[in-house]
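Undergrad: Have a look at the structure that comes next, please.
The values are calculated or read from the model by the stated rules, or taken from the named source; none is laboratory data. Quick caveat: nothing in here was measured; it's all calculated off a predicted structure. Please note: Cβ atoms are built from the backbone with ideal geometry, for glycine as well, and neighbour counts cover all protein chains shown.
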Amino acid sequence: MEDKNNGKSSFETTEIGVGCVVLRTKNDQDAVKHLTHHVAQDYLQFHFCLKGNLNFIYNEGSYTFPLYENHSMLLYNPVKKLPIDVELSPNTWLISVLISITKFHALFSSDADHIPFLSPENSSKKFYDNQEFSSSIAVVLSQILQSKIHDSIKALYIKGKVYELLSLYFNKSEDPSIAQCPFLVDEENVRKIRQAKEIILERMTTPPSLESLAVEIGLSLKKLKEGFKELYGDTVYAYLLDHKMEEACRMLNSQKYNVNEVGLKLGYSTASHFIAAFKKKYGTTPKKYLGSVSS
C-alpha cells in the first residue's frame, strides 16, 4: 500500500509484502530536509544515496553516519532500535529498503554463505557496511524513484525492482570461479585481467585495441580473451558496451544532459551511432527513455 507524501517531512512509502518497505524521497529544494521514520528492531536497513549527500543521526545525535552520492549503507542491530533520523542536503535523492531479518533469510537461505551476517554465529551481532554502488544499481534505483507506473501496479513493479536491487547488491560475479578455468588459478593473471577491465573503463571513450590491451597488461591475446570471458562472463568489448549503456542511463536519469551530449561524452562520433547502440541494448531510444523518467 502506498502512502501519500505528506509535505516536506515524509517519505513516499510503499509496502511490498509482509516484512518489506521501500522509502523514497527527493529533496529538490535549496534547504536541508529533515525526515524521520520508525524502524522495527528486527529489520535490516539498506540506504542508497542516488544524488547529493545526507547525514543519518542516531542515539539523539551522539553519533552520525554520512552518506554520499553513489554510495549505499547497510545497517542491522538486533539489540538496539535504529529509527531513521536523516538530514538531506539540497538536491539529494534517497531510497531506503527496510526488510525484516525473517524475510531476508527467506530470500537468501540457499545462498547464506554469500552474506556473512546470515550465518548462525553472526545472527545476533550488529552489522554495518558502507560502499560505493555500481552503475547497474544506479539504473535500478533511478527506475524505482522516477519511472512513471500506474498506481494499480506500482507496488508490484517496485517489488520486482527491489529484488533486482538486492541481487545486484550481493552479486559476487567479479570473484573468479577458479575451478572452472585452470588459466585463472594464477593469481597474477587474475590481477592482469582486472587491470584490463580498469583500463577499458577509464578509457571508455577511446578504448585500446585488444592487441594493445594485451601488450599493456602483459598477457597474450588468447589469454586476455579467455580470462576476461571467464572472470566477467562476457567479451571485453561487450562488457565495455554494457558499461557505457549503464552510464548513458545514469546520465539520462540525472536529467543534466540531452541525448546528443550523452553520446558525445561516451565517445560516439555521431548521435545516430549512440541511439542505435542504446536501442539495441534496451529496445527503446534514449529520447523515449528520457521521457519515461522525467518528472
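Undergrad: Would you check if there is a residue in segment 253-266 being closer than 29 Å to Asn91 by Cα, touching a Ser or Thr at 6+ places or on another chain (Cβ under 6 Å) and small (Gly, Ala, Ser)?
TA: No, there is no match, as no residue in segment 253-266 is closer than 29 Å to Asn91 by Cα, touching a Ser or Thr at 6+ places or on another chain (Cβ under 6 Å) and small (Gly, Ala, Ser).
Undergrad: Identify all residues within segment 216-237 that are polar (S, T, N, Q) and either in a helix (DSSP H, G or I) or over 23 Å from the mean Cα position of the chain (by Cα) (or both); write none if there are none.
TA: Ser220
Undergrad: Could I ask something else about it? If you go through segment 282-294 one residue at a time, do you hit one that is over 29 Å from Asn171 (Cα atoms), free of Cβ contacts under 8 Å to residues at least 12 places away in the same chain and of a type outside the set (Asp, Glu)?
TA: yes
Undergrad: Kindly indicate whether Gln180 is under 30 Å from Leu264 (Cα atoms), among the polar types (S, T, N, Q) and modelled with pLDDT under 85.
TA: Answer is no for this residue.
Undergrad: Out of all the residues in segment 1-17, which are surrounded by fewer than 20 Cβ atoms within 10 Å (Cβ to Cβ) and modelled with pLDDT of 90 or more?
TA: Once the filter is applied, which keeps residues that are surrounded by fewer than 20 Cβ atoms within 10 Å (Cβ to Cβ) and modelled with pLDDT of 90 or more, segment 1-17 yields Glu12, Thr13, Glu15.
Undergrad: Just to be sure before I move on: is Ile57 in the same structural domain as Ala138 (by TED's automatic domain parsing) and under 24 Å from Asp151 (Cα atoms) in the structure I sent?
TA: No.
Undergrad: Let me spell it out: the conditions are (1) part of a helix (DSSP H, G or I); (2) crowded, with 16+ Cβ neighbours inside 10 Å, and Tyr268 meets all of them except one. Which number is the exception?
TA: Every listed condition holds for Tyr268 apart from (1).
Undergrad: Just checking, how many residues over segment 240-263 are surrounded by fewer than 16 Cβ atoms within 10 Å (Cβ to Cβ) and not hydroxyl-bearing (Ser, Thr, Tyr)?
TA: 6
Undergrad: In addition: Against the condition crowded, with 18+ Cβ neighbours inside 10 Å, at pLDDT below 90 and within 27 Å of Tyr157 (Cβ to Cβ), how does Ile101 come out, does it pass?
TA: In short, yes.
Undergrad: Among the listed residues Leu166, Leu156, Leu201, Leu213, identify the single one that is part of a helix (DSSP H, G or I) and modelled with pLDDT of 95 or more.
TA: It is Leu213.
Undergrad: Assess whether Phe133 counts as being crowded, with 16+ Cβ neighbours inside 10 Å and modelled with pLDDT under 90. First the steps, then the outcome.
TA: On the way: crowded, with 16+ Cβ neighbours inside 10 Å: yes; modelled with pLDDT under 90: yes.
Considered against the rule, which asks whether it is crowded, with 16+ Cβ neighbours inside 10 Å and modelled with pLDDT under 90, Phe133 comes out as yes.
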